1. Of all the accessible heavy-atom surface of the stretch 806-866, with the other protein chains kept in place and a 1.4 Å probe, what percent is carbon and sulfur?
2. Percent of accessible area on the stretch 206-328 owned by carbon and sulfur, 1.4 Å probe?
3. Give the lysines reachable from residue 855 as a straight Cα distance under 29 Å; neighbours fewer than 8 places away on the same chain don't count.
4. Which FRET efficiency value, to the nearest 0.05, do you get for residue 682 and residue 372 by plugging their Cβ-Cβ distance into 1/(1 + (r/R0)^6) with R0 = 41 Å?
5. List the lysines whose Cα sits under 23 Å from the Cα of residue 313, skipping any in the same chain fewer than 8 residues away.
6. Under a 1.4 Å probe, what is the accessible area of the stretch 443-483 per residue, stated in Å²?
7. I'd like the accessible area for residue 384: 1.4 Å probe, protein heavy atoms, all chains in place, Å² to the nearest 10.
8. Using the structure shown, list the pairs from 665/686; 56/183; 560/618 with a Cα-Cα distance above 24 Å, or answer none.
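The values are calculated or read from the model by the stated rules, or taken from the named source; none is laboratory data. Computed from a predicted structure; not experimentally measured. Note: ideal-geometry Cβ built from the backbone for every residue, glycine included; neighbour counts use all protein chains shown. All accessible areas refer to the heavy atoms of the entire protein, side chains included, with ligands and DNA or RNA removed. Shrake-Rupley method; radii C 1.70, N 1.55, O 1.52, S 1.80 Å.
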Amino acid sequence: MAKSPVVTGISPKEGPPGTRVTIRGEHLGINPNDLSSLKICDCECMLSAEWKSPNKIIARSGPGKGRGDIILVTKSGGVGTSTVQFRGYHETIGPLKESAVWVEEAPLNWGRQNSSVTIFQLDDPLGLSVEGDEKFPENELTELFPDGSGDLLSENFEPAWFLLEHHHGTSFDDLRVGLSYLKRKVDSQNEGQLSFLKDNVGSVMEQLDTLFTLKQNYEADFERNNETLFRVEEAINQSLKEATHLFHGVLTRREKAEATRNALAVMTRYKFLFQLPINIDRNIKNEDVDVIINDYARALNLFGKTEVSVFKKILEEVETKILNIRINLKSKLHQMPTTLKQQKKIIRNLVALNDNGDPGWEAIIHMKQFLIDKIKGSYQQFITEEQANETPNKNNRHPQNKHKRNISLSQQIEPQNIEPKKVLCIDEIATVISDYFPDLWKLGQNYFVGDLAVKPDCSHEMDFKEMILDIIVTVSDIYRTIMLPTTTTSSFSPVPIIWLPHCLKQIRSVFTVLTALDLPNEALNKISSVIFDLRLHCLNILFKQASEQIIQLKTTETWKLDYHSKQGTISQLPNDFYKIIMEAMNLAKEYVIRDERRETALVDNETAKNELQLLVHKCFWNFSQVLEQVGLNADTNCSSTTVMSLSGSSVTGFKLHNDLMWEQKLLITISNSQYTRNVMLLKFKKEFEDNGFPTIDVVVARAVELLENTESKLLETYIETKSDPLVGTIEPSMYVGSFEWDSPSLLDLREVRPYAKEIITNLIALHSEVQTIMPDLMYVVLSEIVVTISEEMSRLMNCVTHFSENGAMQARLDLMALTFTLSNYFTPNSKDFFCDATNAVPPLKSEDNEKYVLKCFEQFKTRMHLQIMCFLTPCPNDIETSII
């Protein structure tokens, strides 16, 4: 769609209904058929509209009264606008009102009217209006064409004279259109004469016949009487006398009227000049600067070169008033804030009043300075208030931080009713840029393209660019100082995390305003860099806050347990860790990761990727440290009842001990670590990828290593904690009651000794604890503890110097019971230790003794069947036989 019509000039600017108005502007239609409507003072004038070119239309005003716009509607551009107004007024003219103007009368055309232009209807031959164009000085025309003339009827007519006199301000396109119009007019006149004869050939023949008959009658009368010619001549002379007598009064009145008109014109000009100072004062009160400009231009045109002292004195007074008006207009131009429309009007008025300066450039300078002062004023006010409040805040800073330590990220992000001074400063600067900077940029563009009615000075282009960069750099530096004080020398603390999203939104609104103006990339990159750094700062703050909250998890562990059939027993610690990370990730996605128009993509930037990986790794590392501290800290206890919900398990109503032992907490912590490593890390990876974050594969791999190391430490501690007491009780229990393996008074062999049963019972308790909390660790834990038991048994058996027959039978029975019970948890080392212990016992002397030992062993299996079921299937027969 074409651009909308814009009317920028009219001539004349006022008149009664029917005034011929020349309308100039831009995009006034592509052809006559493109015009849809033309309203002058809200009156439709389409009927009289005459389209000349896309920049010019001629029409006659309607019956509108008062000031009004000229609104043009075209099919291609729609409804247009107008920057000027036409004033319509009505004159009271009646049949009895005297007139001092002689009206030229056109000759009457009887019958068919000739379409050619007569001497009384001379118009511009090019069909172009000359109204509103300044006249070319006549003395210069005389110098250029000494023997020429601009009169169309003169023998010395000079076309160049005529064009300079009437069309020196007309564009070349309009002159080309006028030439086409003149050619069509000449062609239509030539064709009109021939067509007139063709259409009226009958009447012409009748006239010729009448003239021929008159000639014959006249010749016949002349032959009969020679005096007829003299009588005709006398009649003609008498007619001339009568006609002269008849029109003598009319011609006299015409001369008087012309003299009166000239006198009135002179008196009107003098009256205009003498009343001009008063009219200027009245129009100043009415703020009608346009009328003052028209009157001033008219005065200079009429009396600018006068030598009359009285006129000079009045013109001096007028010049003084015009100078005051210029000063007043410049004062208004320098006053800020001012809308762009007001500035354009003031600049046009100053140019029309012949101001010697460059009002357009002055307006740009003052508006730029206004913006800088406004921005720096807001920042200076913030500094003053911040310094005034800095000392009282120091005493309350730590208690407030301690109170907010356990507040979640989402609660901190929620808007607060009272904005900090820093946020208010950011808002004020954003408002200043949004409200005033577009007007400065548009004013500069209008100045350099020549739309401010003043000739632009192209040497100011670099100065204007530096002005724009100065404003942008000032804003970006202030934003950096307030939002990112750690990157500057500022002593102020950063904006609280509560207000970071709001501040980021405000700075993004500034960037949106600047991008809409199509500024140079050098200026846009300044704000874009601030936004990128602020987004990175927000990302850093969010995950650092999450990292701090993760550290606090070690003090908030409630040991509320959940049982999972696949993962074992876990507390709420992994889920709390997951919630903290997801909360930080969602906030980062909402406020940081999402890219606005023409912003640097954070996920594609290597610096941002590395920073994000470091932040997430820090969170994972902190959680691994929390797990290690929770597991190894023996003072971490919970006095409340700990109930285990068996989600996904067939067991119901099972309760763990009311007060968890340290070893149980240690085992639960290992389960938490394994659950995080096997489940949570994969969920984190998927969530980050699904929400548009850079991949964290490397971070997850490092987190797996961290958690595995943590699990190794905790598991080693747990095994050592469990094995030391268990192994330490074997020797005292073995020799309880002054038992000796070589004592001849040893009782007959009947069953396994209590120390072996005690070992099995302790392992059953350990098995129950591991099975309840983390079944997957059963083999690892029991196999390591079985190694220490086997090693201790090997040591004790090898320390015995002599076995009696009953002692040997008892030792073999005890070793067979332990080997059978623990065989599923043997390792090569434990198997070797048990073999070594068995070899330390001397072989039995008779086959009956061996059978008796086997019988006792079968009795042991039968009696202890229910207890040793937890150790799964019994030991294979070949192992039993080898031990025997």
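1. Numbers: 1490 of 2900 Å².
Accessible surface attributable to carbon and sulfur in the stretch 806-866 totals 52 percent.
2. On the way: 5440 of 9510 Å².
Roughly 57 percent, rounded to a whole number.
3. Answer for residue 855, where 29 Å is the Cα cut-off: 757, 831, 845, listed by chain and number.
4. Values: r = 54 Å, r/R0 = 1.33.
Result of the calculation: an efficiency of 0.15.
5. 271, 305, 321
6. Details: 1780 Å² over 41 residues.
Heavy-atom SASA per residue in the stretch 443-483 reads 43 Å².
7. 80
8. Numbers: 665/686 30 Å; 56/183 20 Å; 560/618 26 Å.
Table pairs above 24 Å Cα-Cα are 665/686; 560/618.
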